[in-house]
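Since every read-out is calculated from the coordinates, none of them should be taken as a lab result. All values derive from a computational prediction rather than experimental measurement. Heads up, the Cβs are rebuilt from the backbone with ideal geometry, glycines too, and the neighbour counts pull from every protein chain shown.
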């Protein structure tokens with residue numbers, strides 16, 4: 001009797017000061033039905049559920065995260081048969097939100113959402129002339145700016161100025177209290 005198995009492994013490799021440390025851990029596994037000699041089994045429909053994991057990191061000089069799928073068969077009394085396949089795990093799902101049997105319209109909207117990307121070159125903001133019409137500009141120039149300001153304040157401007165009339169001066173001084181003090185020079189140490 002042989003038992004086919006599959007396992008997903010994560011290998012983290014850390015590089016520092018010319019040394020390397022590698023940590024390998026099991027992420028998910030799957031076990032098939034026992035087979036007697038001469039029989040076959042197909043794993044159609046058996047899913048190896050991958051829990052949320054960090055994505056593959058392949059091009060970093062200090063850390064590397066790799067995944068591999070190992071399919072193997074323990075054969076009693078003989079060498080075990082195995083196949084090791086490298087995998088790349090990303091951050092965007094191939095079939096978002098779960099099912100391959102989702103409706104065409106929802107799949108279309110998801111694909112449109114995933115297709116939204118930033119433009120390659122940022123667009124310049126619109127010019128003032130593109131936003132403000134000539135009529136709006138004339139109205140702004142013809143009205144008295146002070147009247148508009150008083151309307152915005154909901155009262156005359158002098159009422160707000162009186163508020164600050166008798167306040168003490170600020171605590172800081174714009175005049176340097178220590179002008180032109182000689183600076184001490186310390187002898188510098190020669191570099192090694």
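If you stretched the chain out fully between residue 74 and residue 139, how much longer would it get, using 0.36 nm times the residue separation minus the C-alpha to C-alpha distance?
Contour length minus the Cα-Cα distance gives 14.8 nm.
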#### Entry: Packing-based order for 25-31, 82-88, using average beta carbon neighbours within 10 Å, highest first
25-31, 82-88
### Summary
Rounded to a whole number, the Stokes-Einstein D of the stretch 53-92 in µm²/s (Kirkwood radius over Cα pairs; 4 °C; 1.567 mPa s) is 105 µm²/s
### Summary
Under the 7 Å Cα-to-Cβ spin-label approximation, residue 132 and residue 34 lie apart by a distance in nanometres of 8.5 nm
### Task
Stick to the Cα atoms of the stretch 3-92, pair each with every other, and give me the Kirkwood hydrodynamic radius in Å at one decimal.
15.1 Å
